[in-house]
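Undergrad: Got a structure for you, written out below as structure tokens; questions coming shortly.
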Ligand code: NAP
């Protein structure tokens with residue numbers, strides 16, 4: 001028997017155990033995927049346990065994606081450029097860090113959103129770990145411009161300075177979260193991505209974006225998957241915009257992690273079914 005788990009805090013609403021376990025069971029792998037709630041002061045101890053031969057690795061989520069990096073032996077080049085790790089692989093006691101959020105985001109954007117970002121203006125709300133992967137993906141794909149709007153402007157400034165080397169084909173800028181910023185950029189924006197927690201379970205009525213500025217010609221992509229429809233998605237739909245939620249990205253990033261741990265092709269259909277069922281249970285149960 002081998003072990004995997006997701007490290008985060010408080011981790012109450014993680015869907016990863018449900019859909020990763022479904023994938024392991026489907027392929028008859030003798031692996032248990034658990035939730036490992038880990039407060040900040042226990043992170044180093046938790047990471048040390050990953051070196052055991054019984055552990056294949058882990059996912060990392062809020063709030064540890066950046067803090068975990070110096071605790072690992074090697075960081076993949078892409079994860080280093082993004083500045084966040086969401087997947088750890090244990091290879092003979094050495095811990096390797098990867099970021100599968102970027103590929104998960106881009107795959108969902110193209111396959112589920114039908115959107116090719118090359119040459120298109122984009123606006124990203126938020127400047128945390130998820131926003132780093134999203135901005136890196138958009139820059140790598142050659143978006144015409146990427147504007148990062150965040151409540152804490154200094155964090156957005158840090159993000160754009162760190163990712164500036166990737167902006168070879170794109171304009172990259174940060175703005176404070178205020179109506180005037182949104183009004184300045186939304187008129188010429190084809191893609192809006194919410195990478196904040198505003199709208200997630202516990203904060204359902206919040207949206208970082210003023211609804212009146214959403215236009216029918218844009219894709220409004222909310223990374224939040226629980227609830228499956230956020231206030232932003234409902235507002236964007238009313239404005240006639242196309243909308244995409246966070247579930248496809250969640251499953252694609254998890255599938256990429258699965259392949260790193262097991263070397264086997266991830267059973268995507270099984271993972272989607274299990275993830276959807278877990279969201280439904282979470283919504284019905286009132287969490
Ligand atoms: P994080 O590193 O903790 O960053 C949170 C971001 O949200 C920060 O920019 C923060 O702004 C902002 N924020 C929090 N509450 C806000 C509010 N009330 N109003 C405006 N902004 C607010 O978290 P993360 O890892 O980037 O995750 C962000 C969201 O993306 C979460 O909802 C997470 O579930 C989702 N996510 C989804 C996937 C997926 O696969 N679909 C993957 C990763 C993350 P400040 O800097 O001002 O604090």
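Undergrad: Search region 99-118 for residues that are in contact (Cβ under 8 Å) with a residue 40 or more places away in the chain and within 15 Å of residue 243 (Cβ to Cβ) and pair each with any residue that is assigned to a helix (DSSP H, G or I) and more than 10 Å from the ligand (Cβ to nearest atom) when their beta-carbon atoms are under 8 Å apart and the residues are at least 6 apart or on different chains.
TA: Note: pairs meeting the criteria are 109/137; 115/109.
Undergrad: Provide a single number: the residues in region 255-287 that are more than 16 Å from the ligand (Cβ to nearest atom) and buried (at least 22 other Cβ atoms within 10 Å of the Cβ).
TA: Matching residues across region 255-287 total 1.
Undergrad: Could you pull out the residue among 70, 53, 63 that is modelled with pLDDT under 95 and over 30 Å from residue 184 (Cβ atoms)?
TA: 63
Undergrad: Quick one: count up the residues across region 152-179 that are part of a helix (DSSP H, G or I) and within 16 Å of the ligand (Cβ to nearest atom).
TA: Selection size over region 152-179: 12.
Undergrad: While we're here: Which of the residues that make up region 233-254 are under 17 Å from residue 115 (Cβ atoms), part of a helix (DSSP H, G or I) and within 11 Å of the ligand (Cβ to nearest atom)?
TA: Across region 233-254, the qualifying residues are 247, 248, 249, 252.
Undergrad: Residues 121, 117: which one is closer than 25 Å to residue 206 by Cα, buried (at least 17 other Cβ atoms within 10 Å of the Cβ) and more than 10 Å from the ligand (Cβ to nearest atom)?
TA: After applying the criteria, what remains is 121.
Undergrad: Another question, if that's okay. Which of the residues belonging to region 180-192 are touching a helix residue (DSSP H, G or I) at 6+ places or on another chain (Cβ under 7 Å) and within 16 Å of the ligand (Cβ to nearest atom)?
TA: 182
The values are calculated or read from the model by the stated rules, or taken from the named source; none is laboratory data. Computed from a predicted structure; not experimentally measured. So basically every Cβ, Gly included, is an ideal-geometry build from the backbone, and we count neighbours across all protein chains shown.
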